């Protein structure tokens, strides 16, 4: 597997970013929704700390991913009706935007509640402003609903990928699969 | 002969008197504060006690006669964070129902390189341990200020034990600082 993308394949680095971010953001989203299952306050503190650290990791990976995308380029788009190409581009743009906005909204939520922000017990990051109790519930709602919006967009993204793979039998999903082999007749 | 005896006794008494002079008693003025600085998830946070009483008897030249006696109402603890404010009075931290007050009493004062250190015993959450505090005293006439600083190991006193004992989340050391505005009685 080549590290760089070419005209037909996504490169190893682009694939790694895609799948690692996908696993981290979905896993961390589900984890975030489970916070109230903690059996005691200290466990919740530790769970939240882990959730925040994973979220910051997603944010850092997304910034690196965007920085890598320009020099790396991308495989050429496969032939499809205009509306499908437009839908795919919009979906991808939304996914990039949400993968950045969800961690940032969590950072903002953490800031207005006045909590420390520590990355895996290694170092602390500053707040994105001042503590503001009036924004506590609103910022939490933004953080959570952005995740539900991501889930909704993902239904389209995953549905489209499966549609291409199963019904069209083309390379749209294959070229992003970790060890996917392209079909040469497509 | 009797006169000489009386004279000698008088002289001895005069020599002994400065040593017997008491340190000045002070009343603590409302501008005084008693606070602490802890560490949570790598960030320091400040807290204070709103109700406490200190009996201060102090004279830098009469350290042997000086004394601090401080009683703190643990339920008056105040911090900025809502969750911490909820947790600190509880059983796992100060357990204010069981231990409504903390008490520090000095046992002696030392001069360490020109700085005064107050040694004493702190009783907190039912545990009594020796504690030493750095003393910075300034006086002008009847007015004085007294700044006291020390550091405690919270787990020595069982503050935040059990689930909260993890010092990688809640720091082991807690700094204590008091700023007293004093008026001589």
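The values are calculated or read from the model by the stated rules, or taken from the named source; none is laboratory data. Computed from a prediction, not measured in an experiment: that's the story for all the values here. Neighbour counts run over all protein chains shown; Cβ positions are idealised from the backbone, glycine included.
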- Exactly one of A:16, A:39, A:53 is under 25 Å from residue A:179 (Cβ atoms) and either surrounded by 12 or more Cβ atoms within 10 Å (Cβ to Cβ) or without any contact (Cβ under 8 Å) to a residue 12 or more places away in the chain (or both), and that one is A:16
- Which one of these does residue A:79 not meet: (1) modelled with pLDDT of 95 or more; (2) surrounded by fewer than 15 Cβ atoms within 10 Å (Cβ to Cβ)? (1)
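So is residue A:110 within 14 Å of chain B (Cβ to nearest Cβ), free of Cβ contacts under 8 Å to residues at least 60 places away in the same chain and over 21 Å from the mean Cα position of the chain (by Cα) or not? Walk me through it before giving the result.
Details: within 14 Å of chain B (Cβ to nearest Cβ): yes; free of Cβ contacts under 8 Å to residues at least 60 places away in the same chain: yes; over 21 Å from the mean Cα position of the chain (by Cα): no.
When the stated conditions are applied, residue A:110 does not pass them.
So which of A:91, A:57 ends up being assigned to a helix (DSSP H, G or I) and closer than 18 Å to residue A:148 by Cβ?
On the way: A:57 fails: closer than 18 Å to residue A:148 by Cβ.
Residue meeting the stated conditions: A:91.
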- Query: Identify, please: which residue in region B:153-185 is within 16 Å of residue B:68 (Cβ to Cβ) and within 13 Å of the chain's Cα centre (by Cα) and is, among those, farthest from the other protein chains (Cβ to nearest Cβ)?
  - Reply: B:180
- Restricting region B:83-107 to residues that are more than 20 Å from residue B:153 (Cβ to Cβ) and in contact with a helix residue (DSSP H, G or I) (Cβ under 8 Å, 6 or more places away or on another chain), the one nearest to the other protein chains (Cβ to nearest Cβ) turns out to be B:83
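So if I check each of A:101, A:93, A:60, which one is more than 14 Å from chain B (Cβ to nearest Cβ), free of Cβ contacts under 8 Å to residues at least 60 places away in the same chain and either in contact with a strand residue (DSSP E or B) (Cβ under 6 Å, 6 or more places away or on another chain) or buried (at least 18 other Cβ atoms within 10 Å of the Cβ) (or both)? Break it down into steps so the answer makes sense when it comes.
On the way: A:93 fails: either in contact with a strand residue (DSSP E or B) (Cβ under 6 Å, 6 or more places away or on another chain) or buried (at least 18 other Cβ atoms within 10 Å of the Cβ) (or both); A:60 fails: either in contact with a strand residue (DSSP E or B) (Cβ under 6 Å, 6 or more places away or on another chain) or buried (at least 18 other Cβ atoms within 10 Å of the Cβ) (or both).
After ruling out the rest, the residue left standing is A:101.
Based on what the data block shows, is residue A:112 within 21 Å of residue A:124 (Cα to Cα) and crowded, with 20+ Cβ neighbours inside 10 Å?
In short, yes.
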